[in-house]
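Step one of this worksheet: look at the structure below.
Bear in mind these aren't lab numbers, they're just calculated from the coordinates by the rules spelled out. Bear in mind the structure is a predicted one, so any value in this text is a computation, not a measurement. Here Cβ is always computed from backbone atoms with ideal geometry, including for glycine, and neighbour counts include all displayed protein chains.
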Amino acid sequence: MKKFALVCVSLALVVVSGCRNPTTSTFHGAVSYRGQPLRSGVIYFLGPAPQMRMGMGTIHDDGTYTATDVPVGDVRVSFQAPGVAPMYADPNTSKLTYTITSGMTSLDIAVP
């Protein structure tokens, strides 16, 4: 009987832990600046306070990126990339905001 109870509790823990909402997302996309693809750099996604988690991705020479560990919810986007205006390099001054969901698979970003 104890063994059966232990199995039931273990199974319940597996089911419950698998039902939690993910707190981060991984997705891909393309990024352009003033109508042209960014050819290199890093894109950052900063989540809200108090955790202020940050996900990121490397921008490839064709303007595409894959972002990992991006916090779900509203994020501010910033870049470390050649030729991008300084206001977009700092998440505190960048006005680029997006809502990230756990099921999203892509996000294209056009920086004005």
Here's a check for you: in region 47-75, which residue that is of a type in the set (A, V, I, L, M, F, W, C) and touching a residue at least 12 places away in the same chain (Cβ under 8 Å) is nearest to Thr101 (Cα to Cα)? Val72
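Name the single residue that is surrounded by the most Cβ atoms within 10 Å (Cβ to Cβ) among those in region 44-62 being under 15 Å from Ala110 (Cα atoms) and in contact with a Phe, Trp or Tyr (Cβ under 9 Å, 6 or more places away or on another chain).
Within region 44-62, the first condition is being under 15 Å from Ala110 (Cα atoms), and the residues that meet it are 44-45, 59, 62.
Those still in the list that are in contact with a Phe, Trp or Tyr (Cβ under 9 Å, 6 or more places away or on another chain) too: 44-45, 59.
Details: Tyr44: 21, Phe45: 26, Ile59: 21.
Here the residue is Phe45.
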Any residue in region 34-46 that's over 11 Å from Gly57 (Cα atoms): show its pairings with residues that are of a type in the set (Phe, Trp, Tyr) at Cβ separation under 9 Å, as long as the two are six or more apart or on different chains. Leu38/Tyr65; Leu38/Phe79
Evaluate region 83-104: report whether one residue or more is in contact with a Leu (Cβ under 9 Å, 6 or more places away or on another chain), in contact (Cβ under 8 Å) with a residue 40 or more places away in the chain, surrounded by 14 or more Cβ atoms within 10 Å (Cβ to Cβ) and of a type in the set (A, V, I, L, M). yes
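In this structure, is Arg39 closer than 21 Å to Ala85 by Cα and not aromatic (Phe, Trp, Tyr)? Before you say what the answer is, go through the steps one by one.
Details: closer than 21 Å to Ala85 by Cα: yes; not aromatic (Phe, Trp, Tyr): yes.
For Arg39, the condition - closer than 21 Å to Ala85 by Cα and not aromatic (Phe, Trp, Tyr) - is met.
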